[in-house]
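What follows is one structure encoded as structure tokens, with my remarks underneath.
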Amino acid sequence: AQSVAQPEDQVNVAEGNPLTVKCTYSVSGNPYLFWYVQYPNRGLQFLLKYITGDNLVKGSYGFEAEFNKSQTSFHLKKPSALVSDSALYFCAVRGASGNTPLVFGKGTRLSVIA
Amino acid sequence: GAVVSQHPSWVICKSGTSVKIECRSLDFQATTMFWYRQFPKQSLMLMATSNEGSKATYEQGVEKDKFLINHASLTLSTLTVTSAHPEDSSFYICSARRDGAASSGANVLTFGAGSRLTVL
């Protein structure tokens, strides 16, 4: 069965500092990996995805993530955090083969402090 | 870009009544849509996969008679919470996967803004 682990419930970072939100996954075969962001009382907004190709994926709002197959990780990063980045971030995975659903991690709340 | 509209965004109902939530893909066709439930400070739990023209596929533990899903067209799926009770109060989110990609599994899901249900 596929699964996603986001080990941190909360990440606090000062504005202007780099941020990392961690994600590890488990899936049979090759993974499709996604990051979504959720603002209060809103649906999820897509940030970026890894399907194949370069391990470093660049996405919306200056975010990027690095796929590491050996560590089964897909950490989300941003070089310089903004207060407006404060939100709930979800990592998600599905297997590349078959019709498996997208499975989400439990989410990590990012707080960027001015 | 792809847009999914979810309606209503807020609904309050009395215990025992039924509530219907609509999920529409506004600018693309979606044979497959997904319904999630999110509890406060928790992740999204997949409830069911909605397939146009066929029965929905429910995840283990989700009562299909309680949560009725209908996917009558390529742009509309509905979730009806029947005989709602306070424990059904939650944030329900739908998502849709655009049709037509060679590898649809790699497609980004587009999410609705969610519907907050409060059952009194």
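All conditions in (1) under 15 Å from the mean Cα position of the chain (by Cα); (2) more than 14 Å from chain A (Cβ to nearest Cβ); (3) not in a loop (DSSP other than H, G, I, E, B) hold for B:ILE12, with the sole exception of (1). Residues that are surrounded by 12 or more Cβ atoms within 10 Å (Cβ to Cβ) and either over 17 Å from A:PHE104 (Cα atoms) or among the charged types (D, E, K, R) (or both) were ranked within the stretch A:27-51; the one that is modelled with the highest pLDDT is A:LYS49. When restricted to residues that are within 21 Å of B:SER73 (Cα to Cα), part of a loop (DSSP other than H, G, I, E, B) and at pLDDT below 90, the stretch B:98-112 contains 6. Exactly one residue out of A:THR20, A:THR72, A:THR52 is more than 8 Å from chain B (Cβ to nearest Cβ), without any contact (Cβ under 8 Å) to a residue 24 or more places away in the chain and of a type outside the set (Gly, Ala, Ser): that is A:THR52. Scanning the stretch B:38-54 for residues that are out of contact with any Phe, Trp or Tyr (no Cβ under 7 Å at 6 or more places or on another chain) and either more than 9 Å from chain A (Cβ to nearest Cβ) or surrounded by 12 or more Cβ atoms within 10 Å (Cβ to Cβ) (or both) turns up B:PHE39, B:PRO40, B:GLN42, B:ASN51, B:GLU52, B:GLY53, B:SER54. Residue count for the stretch B:15-37, restricted to those that are surrounded by fewer than 23 Cβ atoms within 10 Å (Cβ to Cβ) and over 18 Å from B:LEU68 (Cα atoms): 4. Of all residues in the stretch B:55-92, those satisfying the criterion of being outside any strand (DSSP E or B) and within 13 Å of another protein chain (Cβ to nearest Cβ) are B:ALA56, B:GLU59, B:GLN60, B:VAL62.
Among the residues of the stretch A:75-101, count how many are in contact with a helix residue (DSSP H, G or I) (Cβ under 9 Å, 6 or more places away or on another chain) and of a type outside the set (Val, Ile, Thr).
Summing the residues that are in contact with a helix residue (DSSP H, G or I) (Cβ under 9 Å, 6 or more places away or on another chain) and of a type outside the set (Val, Ile, Thr) in the stretch A:75-101 gives 12.
Of B:SER95, B:SER50, all but one fail to be at pLDDT below 95, in contact with a Leu (Cβ under 9 Å, 6 or more places away or on another chain), over 26 Å from A:ASP9 (Cα atoms) and in a strand (DSSP E or B); the exception is B:SER50.
Here's the yes/no breakdown for (1) within 14 Å of another protein chain (Cβ to nearest Cβ); (2) in contact (Cβ under 8 Å) with a residue 12 or more places away in the chain; (3) closer than 27 Å to B:VAL3 by Cβ:
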{"site": "A:GLY29", "(1), (2), (3)": "yes, yes, no"}
{"site": "A:ASN41", "(1), (2), (3)": "yes, no, yes"}
{"site": "A:PHE67", "(1), (2), (3)": "yes, yes, no"}
{"site": "A:ALA81", "(1), (2), (3)": "no, yes, no"}
{"site": "A:SER86", "(1), (2), (3)": "no, yes, yes"}
{"site": "A:ARG109", "(1), (2), (3)": "yes, yes, yes"}
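Please specify each residue of the stretch B:23-46 satisfying the condition of being in contact (Cβ under 8 Å) with a residue 24 or more places away in the chain and either in contact with a Pro (Cβ under 7 Å, 6 or more places away or on another chain) or hydrophobic (A, V, I, L, M, F, W, C) (or both). Hits for the stretch B:23-46 are B:CYS23, B:LEU26, B:PHE28, B:ALA30, B:MET33, B:PHE34, B:TRP35, B:PHE39, B:LEU44. With respect to A:VAL57, is the statement that it is within 21 Å of B:LEU46 (Cβ to Cβ), within 14 Å of another protein chain (Cβ to nearest Cβ) and not aromatic (Phe, Trp, Tyr) true? Considered against the rule, which asks whether it is within 21 Å of B:LEU46 (Cβ to Cβ), within 14 Å of another protein chain (Cβ to nearest Cβ) and not aromatic (Phe, Trp, Tyr), A:VAL57 comes out as no.
Among the residues of the stretch B:15-66, just one is over 26 Å from A:VAL37 (Cβ atoms), among the small types (Gly, Ala, Ser) and under 12 Å from the mean Cα position of the chain (by Cα), namely B:ALA56.
The values are calculated or read from the model by the stated rules, or taken from the named source; none is laboratory data. These numbers come from a predicted model, not from an experiment. Counting neighbours? That spans all protein chains shown, and the Cβs are built from the backbone with ideal geometry, glycine included.
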